[in-house]
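Following: one structure in structure tokens, then a few remarks.
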Amino acid sequence: MDFLKYFENILMFFRLPIWRYLIYGIVFILIIVWLSFVYWTFRDARLRNTSAWFWALIVFLFNYLGLIIYLILRPPEYIEDVVERDLEIKRMEMLLSANFMRCPSCGKEIKDDFIICPNCRRKLKKTCISCDKPLNLEWKVCPYCKAEQ
Ligand SMILES: [Zn+2]
Ligand SMILES: [Zn+2]
């Protein structure tokens, strides 16, 4: 009899409303965490320029499992990194091409010491009458040998 009474007391204890609230609380927290996963996946996928809605749906449906699959399959770099890297490459190309000038009439690349454009034959420089160095067309005297032009 004592045992039954004891058992009843345990049952009473677990029928207290506090257990129900506790379970509601846990479920509520799990839902919040779950939705955070979905939101995080959506944002991360968009930053990586991959299908954000698709991955958010996968995580919404499969929860932890979906998140793990996403973490394995997601592209390794953010879209900002890609843009940044492209800009860097463009900048390097600009620096490299800065050594070249362009022909004022045809726009083809020419070098600083070209006398004539190899493409359109435009005269770019004159040669010094004394030392044969390339001179700008408007120079009156050769800066290398002082010869009057
Ligand atoms: Zn030219
Ligand atoms: Zn000269």
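Read-outs: derived from the displayed coordinates by stated rules, not from any lab. Remember, predicted model here, so these are calculated numbers, not experimental data. We place every Cβ from the backbone using ideal geometry, glycine too, and count neighbours over all the protein chains shown.
Observations on the structure shown:
- GNM remark for the chain: springs join alpha carbons under 10 Å apart, and the peak mean-square fluctuation among S36, S51, S105 falls on S105.
- Greater than 32 Å apart at Cα, pairs in K123/K146; K90/K126; K90/K140: K90/K126; K90/K140
- The long axis of helix 17-47 is offset from the longest Cα principal axis of the chain by roughly 10 degrees.
- Measure of compaction for the chain (Cα Rg per 2.2 N^0.38 Å): 2.61
- Charge tally in the Cβ shell below 15 Å around T41, where Lys, Arg are +1 and Asp, Glu are -1, T41 excluded: +3
- The Cα center of the range 101-124 and the Cα center of the range 54-86 differ in position by 51 Å.
- Charge tally around I116: other residues with Cβ under 9 Å, Lys/Arg +1 each, Asp/Glu -1 each, net +4.
- When the chain is described by a simple charge dipole with +1 on each Lys and Arg Cβ and -1 on each Asp and Glu Cβ, the residue from T41, W53, C117 located farthest towards its positive end is C117.
- Neighbour cut-off at most 15 other Cβ (10 Å), DSSP loop, GluC sites (Glu not before Pro), the range 60-120: E77
- Per-residue Cβ neighbour counts within 10 Å put M92, M101 in the sequence M92, M101, beginning with the fewest.
- For D86, net neighbour charge (Lys/Arg +1, Asp/Glu -1) across residues whose Cβ lies under 15 Å away: -3
- Estimated FRET transfer efficiency when R0 is 30 angstrom, pair F114-V141 (beta carbons, to 0.05): 0.90
- Per-residue Cβ neighbour rank within 10 angstrom, fewest leading, C131, C142: C131, C142
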